[in-house]
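Following: one structure in structure tokens, then a few remarks.
The values are calculated or read from the model by the stated rules, or taken from the named source; none is laboratory data. What you see is a predicted model, and the numbers here were worked out from it, not measured in a lab. Every residue, glycine as well, gets a Cβ built from its backbone with ideal geometry; the counts of neighbours run over all protein chains shown. With ligands, DNA and RNA removed, areas are computed over all heavy atoms of the protein, side chains included. Shrake-Rupley method; radii C 1.70, N 1.55, O 1.52, S 1.80 Å.
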Amino acid sequence: MDITTTPPLVAALSALADPTRLGAMRVLWGGGEHCACELIDTLGATQSRVSRHMQALTKAGLVLARRDGNWVRYRINPDLADEMAAVLDAVMHATPALPAAKTGCVA
């Protein structure tokens, strides 16, 4: 293995190794787009913390981001390789669901 590049699967698993990022993926796994404010509320994290973690998931190729006014909306990358989608599916099935967001998002 070339140590100058990280294989996509290793990058994805590394990104999922953090509890905040795993929780964010658990929220997104439900489908559709989710506003950063929803992730902030559900995860109990600050905006900067969520932003930093979502950037790592985006860089790993797991998540796509779309700016919508002052907020960013995130969704699972629909173009994940079949192998990556299978691994992610297994991780999500082994991870307990998070409670729904406490308040409605105004974004």
Problem set entry | Residue ID - modelled with the highest pLDDT, chosen from residues in the range 95-107 that are of a type outside the set (Val, Ile, Thr) and either closer than 15 Å to Arg26 by Cα or outside any loop (DSSP other than H, G, I, E, B) (or both) | Pro96
Exercise. Restricting the first residue to the range 19-43 and requiring it to be under 13 Å from His53 (Cα atoms), which pairs with a second residue that is assigned to a loop (DSSP other than H, G, I, E, B) and open to solvent by less than 40 Å² (accessible area, probe 1.4 Å) meet a Cβ separation below 7 Å and a spacing of at least six or different chains?
Worked result: Thr20/Ala45; Leu22/Thr95; Met25/Leu62
